[in-house]
Amino acid sequence: MGLFLQLLTVLVITVSLQGWLPLGYLEEERIALLHLKDSLNYPNGTSLPSWIKADAHCCDWEGIRCSSSTGRVTGLGLDGVRNEELGDWYLNASLFLPFQHLNVLILYGNRIAGWVGKKGGYELQKLSNLEILDLGDNSFNNSILSYVEGLPSLKTLYLGYNRLEGSIDLKESLSSLETLGLSGNNINKLAASRGPSNLSTLWLANITTYGSDFQLLQSLRAFSNLTTLHLYSNDFRGRKLSDELQNLNSLESLYLDGCSLDEHSLQSLGEALPSLQYLSLRELNGTVSYTGSFPNLTALHLEDNDFRGRILGFHNLSSLEELYLDRCSLDEHSLQSLGGALPSLKNLSLSALRSTVSLKGFLHLRNLKYLDLSYNTLNNSIFQNIGLCDLNNLQVLYIEGNDLSGFLPPCLANLTFLQRLDLSSNHLKIPISLSLLYNLSKLKYFDGSGNEIYSEEDDHLSPKFQLESLYLSSRGQNVGAFPKFLYHQVNLQSLDLTNIQIKGEFPNWLIENNTYLQGLSLENCSLSGPFLLPKNSHVNLSFLSISMNHFQGQIPSEIGARLPGLEVLYMSDNGFNGSIPFSLDNISSLQAFDLSNNSLQGQIPGWIWNMSSLEFLDLSRNNFSGRLPPRFGTSSNLRYVYLSRNKLQGPITMAFYNSSKILVLDLSHNDLTGRIPEWIDKLYNLRFLLLSYNNLEGEIPIQLSRLDQLTLIDLSHNHLSGNILFWIISTHPFPLQYNSYNDESSSHQSFEFTMKNVSLSYRGSIIQYLTGIDFSCNNFTGEIPPEIGNLNKIKALNLSHNSLTGPIPPTFSNLKEIESLDLSYNKLDGEIPSRLTELFFLEVFSVAHNNLSGKTPARVAQFATFDERCYKDNPFLCGEPLPKICGATVPPSPTPTSTNNEDNDGFMDMEVFYVTFWVVYIMVLLVIGAILYINPYWRQAWFHFIEIICPGEETLPRSQGSQSVQRDLEQGCQLNEAEVWKWWRLMK
């Protein structure tokens with residue numbers, strides 16, 4: 001028993017250590033990452049904003065990759081994180097020592113010139129698991145090689161675009177290196193002085209040294225195991241590559257893209273490289289002669305070249321299987337030898353040619369399996385001229401983006417081996433039944449979108465094909481009903497019938513029959529009735545779009561159980577009512593969810609904010625009410641949030657406090673109250689912020705101006721006050737999304753913004769180009785910050801309907817891309833800066849209803865199009881197009897001399913005048929009354945005065961004096977000079 005207890009104790013301790021030790025290492029690595037961030041940002045950088053001390057989940061930070069089993073950091077992607085303006089600097093290599101499981105380290109583009117610390121860069125040699133090291137685009141010199149030599153596991157090393165020069169020697173310690181990048185350096189020789197090298201892939205692009213001592217190509221003979229060589233963007237004119245690349249008997253792939261060559265450069269190259277199978281000669285400079293044979297060459301890339309006036313010699317390429325001539329400039333003679341010289345050719349790509357070419361001679365390409373003729377100007381004659389329908393072995397045919405018209409050619413039925421056919425974006429008439437293609441039993445993929453889809457009488461025949469992908473989105477043609485052949489399809493994986501007016505109910509039988517269906521798009525198909533779910537659960541459907549139909553009723557409560565694999569769900573622009581079903585919470589993979597423009601109501605369910613995969617949420621244009629949730633879940637990955645045009649109430653709570661990934665936040669057109677929260681700077685990735693048409697109040701928090709990624713902000717139609725802060729509008733490109741729904745999701749992004757005095761709904765990819773500020777219809781005061789003039793990429797600026805004072809900043813002439821500028825309905829003074837006429841893209845301009853003075857801008861360029869309404873109600877403004885002519889009789893507006901915030905508008909403020917007058921008037925009456933009450937002698941004199949200035953009235957007894965005064969005043973008694981003098985003597 002004692003032995004058993006001892007063994008149990010040891011086991012418990014072991015398990016405990018295994019559980020706790022990784023936690024300790026994780027904390028050590030997290031702290032090390034924060035130290036690394038401080039070093040990269042020294043002295044005043046702002047990179048890596050997601051690396052937050054309070055966040056314990058460092059594996060979720062930008063550029064971090066961790067092991068799924070141990071949680072240890074295995075990859076650091078730190079490319080381009082340091083501000084280039086900070087110049088060259090030295091990095092402490094010991095900062096990487098805590099990451100002992102690191103196998104990928106990317107430090108590309110940080111202007112690192114060397115290392116600091118006692119051992120300098122030698123600390124890197126302790127990273128025994130490091131396999132990939134990228135130090136490209138920095139400022140290292142040749143000494144960097146001595147620091148990386150001791151990395152025992154290193155297989156890939158990139159040192160391109162540094163300051164290496166002269167001869168580079170790969171010593172014995174780098175013998176295990178398989179991939180080496182040395183592009184963009186000033187080197188002339190590469191050696192392996194201590195034995196053979198295992199190097200298989202070498203990058204030597206854009207080498208900057210040439211001349212008599214250039215022995216780089218000859219020195220490659222020492223690397224007998226080299227299989228892939230990148231030499232693009234070099235100047236090899238005057239050099240015969242076959243002489244300089246001898247003995248590379250293992251070389252299989254050679255890249256010479258963008259090189260400058262002459263007629264001798266490629267002579268006998270095939271004989272010198274007997275194993276060469278892949279040759280890339282894209283976008284060459286100079287005249288090239290394709291002489292010599294390439295007996296083993298299987299793939300030749302010649303894209304983006306100009307071959308006009310030349311006959312391409314494809315002789316001695318008997319093994320060539322793939323030929324790519326996309327985007328080339330050709331003439332009618334360029335492809336004369338194409339047919340008979342390439343008996344083994346299987347893949348031919350001639351897409352987007354830059355000239356009209358007569359394509360003939362394809363009849364000899366009997367083995368052709370892949371043909372791409374897309375995006376040219378080809379018409380129906382190609383079916384006869386090149387014998388397209390006689391290529392019986394063809395498996396893939398792309399003819400999209402041409403000028404094909406009329407009905408489908410019947411000869412397409414002869415291509416019985418065809419598997420993929422793309423006829424999209426032409427002018428064809430394609431029957432919805434696809435009856436002409438019924439005989440193509442191997443057809444798996446058909447794209448006829450962007451043509452005219454028409455209905456025809458159903459012949460009740462069953463097609464021989466079982467399609468996997470079908471795309472028939474069109475231009476809104478009415479076809480009546482779903483084609484009958486769809487009832488026979490059971491292998492569909494993707495189906496798109498967008499904009500085909502089919503009518504009827506939702507085809508739940510499509511989902512039931514096709515268990516492999518992954519994507520279904522039925523947008524704008526005039527479908528109606530309830531949304532019908534499949535009878536059983538369908539786990540493979542990941543994309544479903546039924547937007548812009550006429551569905552009614554509630555969303556089925558079982559949707560989450562029947563479609564649990566959904567990643568994208570678009571149901572916008574229908575007539576759905578009720579609430580959001582709770583079962584959607586079970587769809588853990590949901591990334592994009594759009595229910596906009598329906599009649600849904602109630603509160604937004606709290607579980608939506610805790611969906612860890614959700615990135616795109618659009619619930620705008622519904623009747624949702626209640627408050628925002630108190631706080632989102634910490635696992636929230638929301639990036640796009642659209643909640644506009646609902647009835648949401650209350651303050652902007654801490655809901656978005658942890659949502660640092662949000663790029664777009666639209667809460668406009670609601671009933672939100674309170675202040676803009678001070679934690680708003682936690683949303684440091686925010687690009688679009690729309691809070692217009694709410695009841696927000698108070699000043700703009702200083703934290704809002706720290707969002708340096710903002711490209712568009714709309715705070716209009718609120719009750720905000722205080723001064724306008726200086727804003728930094730980002731010019732960074734909108735971040736790309738590398739996920740499965742990116743293209744579809746971008747087309748669904750939309751919001752309203754007032755541009756050029758018109759409120760429009762912007763939709764799709766165009767929103768990434770919008771930059772603007774709208775602070776109109778608030779209570780802002782003070783002067784316009786002149787720094788706003790530095791926002792030279794801004795398209796719209798609206799500060800109208802506020803109480804702004806001071807002049808229009810002259811810096812506004814720097815807004816070179818602005819299209820809409822509205823400063824109307826403020827209290828601006830001074831002259832309009834004359835250099836505003838340099839804003840050549842300005843289409844809408846208004847400074848009406850201000851206190852501006854001087855002359856209007858010259859009627860040149862865009863300002864010649866602005867009429868009187870743009871300047872009206874500025875009393876001291878003159879010049880065209882105003883009717884007031886500037887001249888010598890017009891008094892100049894007084895120049896403000898006060899430095900405080902008082903109005904110095906050059907004329908009397910009538911509101912202040914009236915208030916002051918009545919206050920003084922009342923005070924005088926009170927003083928007179930008090931004197932008459934206190935001093936009886938003055939009171940007696942006053943009544944006597946009243947008696948003598950009202951002639952024609954009998955003197956009343958003194959007891960009736962007050963009544964006499966009142967009556968005299970009502971009769972409007974008037975003083976004359978004699979009466980006043982008589983009264984004055986009496987007083988004396």
When only residues in the stretch 602-626 that are part of a strand (DSSP E or B) and out of contact with any helix residue (DSSP H, G or I) (no Cβ under 9 Å at 6 or more places or on another chain) count, which is nearest to Phe576 (Cα to Cα)? Asn623
Identify all residues within the stretch 232-275 that are open to solvent by 30 Å² or more (accessible area, probe 1.4 Å) and of a type in the set (S, T, N, Q); write none if there are none. Ser233, Gln246, Asn247, Asn249, Ser250, Gln267, Ser268, Ser275
Taking the stretch 862-872 as the search range and keeping residues that are surrounded by 14 or more Cβ atoms within 10 Å (Cβ to Cβ) and either over 20 Å from Gly830 (Cβ atoms) or of a type outside the set (Lys, Arg) (or both), which one is farthest from the chain's Cα centre (by Cα)? Tyr871
Return only the number of the condition from (1) touching a Ser or Thr at 6+ places or on another chain (Cβ under 9 Å); (2) modelled with pLDDT of 70 or more; (3) not aromatic (Phe, Trp, Tyr) that Asn904 does not satisfy. (2)
Among the residues of the stretch 76-94 satisfying the criterion of being assigned to a loop (DSSP other than H, G, I, E, B) and in contact with a Leu (Cβ under 6 Å, 6 or more places away or on another chain), which is surrounded by the fewest Cβ atoms within 10 Å (Cβ to Cβ)? Val81
Looking only at the stretch 815-844, filter to residues that are in contact with a Pro (Cβ under 8 Å, 6 or more places away or on another chain) and open to solvent by less than 60 Å² (accessible area, probe 1.4 Å); which one of those is nearest to Leu710 (Cα to Cα)? Leu836
Of all residues in the stretch 336-360, which are open to solvent by 30 Å² or more (accessible area, probe 1.4 Å), modelled with pLDDT under 85 and not basic (Lys, Arg)? Gln336, Gly340, Pro343, Ser355, Thr356, Ser358
Anything in the stretch 782-814 that is open to solvent by 10 Å² or more (accessible area, probe 1.4 Å) and either closer than 16 Å to Leu720 by Cα or β-branched (Val, Ile, Thr) (or both)? List them, or say none. Gly782, Glu783, Asn798, His801, Asn802, Ser803, Thr805, Thr811
Enumerate the strands (runs of 3 or more DSSP E) found wholly within the stretch 631-722, keeping only those where 2 or more residues are in contact with a Pro (Cβ under 7 Å, 6 or more places away or on another chain) and at pLDDT 90 or above. 671-674
Considering residues of the stretch 412-431 that are among the hydroxyl-bearing types (Ser, Thr, Tyr) and within 13 Å of Ser473 (Cα to Cα) only, the residue surrounded by the fewest Cβ atoms within 10 Å (Cβ to Cβ): Ser425
Of all the residues that make up the stretch 115-152, how many are open to solvent by less than 10 Å² (accessible area, probe 1.4 Å) and part of a strand (DSSP E or B)? 1
Ser50 passes all but one of (1) open to solvent by 60 Å² or more (accessible area, probe 1.4 Å); (2) touching an Asp or Glu at 6+ places or on another chain (Cβ under 6 Å); which number fails? (1)
Complete set of residues in the stretch 58-75 that are touching a residue at least 40 places away in the same chain (Cβ under 8 Å) and either in a helix (DSSP H, G or I) or surrounded by fewer than 16 Cβ atoms within 10 Å (Cβ to Cβ) (or both): Thr70
Among the residues of the stretch 585-601, how many are open to solvent by 30 Å² or more (accessible area, probe 1.4 Å) and more than 27 Å from the chain's Cα centre (by Cα)? 4
Is it the case, given these coordinates, that Glu283 is of a type outside the set (A, V, I, L, M) and without any contact (Cβ under 8 Å) to a residue 24 or more places away in the chain? no
Confirm whether Asn491 is at pLDDT 95 or above and over 30 Å from Gln384 (Cβ atoms). yes
Considering the stretch 233-260 alone, what residues qualify as being farther than 20 Å from Ala299 by Cα and in contact with a Lys or Arg (Cβ under 7 Å, 6 or more places away or on another chain)? Gln246, Asn247, Ser260
Among Glu456, Glu452, the single one that is open to solvent by 50 Å² or more (accessible area, probe 1.4 Å), touching a helix residue (DSSP H, G or I) at 6+ places or on another chain (Cβ under 9 Å) and not aliphatic (A, V, I, L, M) is Glu456
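The values are calculated or read from the model by the stated rules, or taken from the named source; none is laboratory data. What you see is a predicted model; the values in this text were computed from it and never measured. Backbone-built Cβ (ideal geometry, glycine too); neighbour counts: all protein chains shown. Ligands, DNA and RNA are excluded from the accessible area calculation, which covers all protein heavy atoms including side chains. Shrake-Rupley method; radii C 1.70, N 1.55, O 1.52, S 1.80 Å.
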